[in-house]
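This report concerns only the one structure given below.
The values are calculated or read from the model by the stated rules, or taken from the named source; none is laboratory data. Please read all numbers here as calculations on a predicted model, not as lab measurements. Here the Cβ is made from the backbone with ideal geometry for all residues, glycine too, and neighbour counts use every protein chain on show.
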Amino acid sequence: MFIYFFKDLHMTLTRRKFLTRSVIGATALASIPAIVSSCVASDTKTSKKKDSIFHKGDTILFQGDSITDAGRERKKELANNSRSFGSGYAFLAASSLLNAFPEKDLTIYNRGISGNKVYQLFDRWEKDCLGLKPDVLSILIGVNDYWHFRNGKYNGTVEIYKNDYRKLLERTKKVLPNVKLVICEPFYVLNTSAVDKSWIEPMKEYQAAAYSIAKEFNAIWIPFQKVYDKAVTYAPATYWTADGVHPAMPGAQLMAEAWLHAVE
């Protein structure tokens, strides 16, 4: 009798846990549009509609580190190809654009590389940016510039980050003067496996540097920190990202929708 009692109790608790997780997940996902609209609209540099920034035949390039890379294949690196995009926000955003504007014949690349810092973008910029001649260039970079300094793998500073970022964009605008820039905010999420409160103040400096660069170059700004800060009021931090840096599936969807909303 006790065996059956504990078996029933276990099934009840398991079902309760499943239902709780299901409610959290459904609530969080249903809330993504509200999160995005409340966080992005006032922070972006443009009020143009989505179809005004993308023109027929445009090339769009996503650049950055592992958050953009998202496990993509790096041999063929094809445009508009799911294997060459990985499984992150860049794939979701690109898929949405291709679905929304089939008549525009867009060419979209992902050239993010895991572990990259700004100077490493600069080192590969001819092949992975300038040679592709993007009309729209989106960059998410910065978390490794801090994280690798934090763990002793890099001796950069926020001043180096800002100066390197400026040099990268100056080089870009010199070759591609009409390129439209999208600068994404490097972010962190507390109460996760890799991120604690000691990240807050240093990362604020990197975020301020990125925002300053975005204003200097008249770029569209994607306020990912604000988006994640709002998201954790709907579901636990680890629902969106396990380590506080790399997004889980709903985190990637959240970022993709924030990006798309910002370029509207």
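Annotations
- Only residues that are assigned to a loop (DSSP other than H, G, I, E, B) and surrounded by 15 or more Cβ atoms within 10 Å (Cβ to Cβ) were counted in region 169-193, giving 8.
- Annotation note: Cβ proximity below 7 Å between a residue of region 161-190 that is touching a residue at least 24 places away in the same chain (Cβ under 8 Å) and a residue that is of a type in the set (Asp, Glu) and in a helix (DSSP H, G or I) (sequence gap 6+ or interchain) occurs for TYR161/ASP145.
- Test: GLU205 is surrounded by fewer than 21 Cβ atoms within 10 Å (Cβ to Cβ), more than 21 Å from HIS148 (Cα to Cα) and among the acidic types (Asp, Glu): no
- If the condition is being in a loop (DSSP other than H, G, I, E, B), of a type in the set (Asp, Glu) and either buried (at least 17 other Cβ atoms within 10 Å of the Cβ) or modelled with pLDDT under 95 (or both), then region 48-73 contributes ASP58, ASP65.
- Among residues that are in contact with a strand residue (DSSP E or B) (Cβ under 8 Å, 6 or more places away or on another chain), among the hydrophobic types (A, V, I, L, M, F, W, C) and part of a helix (DSSP H, G or I), ALA79 is not included.
- Where a residue in region 235-262 is modelled with pLDDT of 95 or more and its partner, wherever it lies, is assigned to a loop (DSSP other than H, G, I, E, B) and of a type in the set (D, E, K, R), with Cβ under 9 Å and at least six apart: GLY244/ASP196; ALA262/ASP43; ALA262/LYS45
- Region 111-168: number of residues that are among the hydrophobic types (A, V, I, L, M, F, W, C), farther than 26 Å from LEU260 by Cα and crowded, with 21+ Cβ neighbours inside 10 Å: 1
- Qualifying residue in region 74-86 (condition: within 30 Å of VAL158 (Cβ to Cβ), of a type outside the set (Gly, Ala, Ser) and at pLDDT 95 or above): yes
- Residue list for region 211-224, filter: out of contact with any strand residue (DSSP E or B) (no Cβ under 6 Å at 6 or more places or on another chain) and surrounded by fewer than 19 Cβ atoms within 10 Å (Cβ to Cβ): TYR211, SER212, LYS215, GLU216, ASN218
- Cβ-Cβ under 8 Å pairs, at least 6 apart or on other chains, region 208-233 side of a type in the set (Asp, Glu), far side surrounded by fewer than 19 Cβ atoms within 10 Å (Cβ to Cβ): GLU216/ARG166
- Single residue of region 194-203 satisfying the filter (in a helix (DSSP H, G or I) and among the aliphatic types (A, V, I, L, M)) that is farthest from ASN163 (Cα to Cα): ILE200
- Within region 97-123, considering residues that are within 18 Å of ILE60 (Cβ to Cβ) and in a loop (DSSP other than H, G, I, E, B), the one farthest from the chain's Cα centre (by Cα): ASP105
- Every residue from region 135-164 that is hydroxyl-bearing (Ser, Thr, Tyr) and assigned to a helix (DSSP H, G or I): TYR146, TYR161
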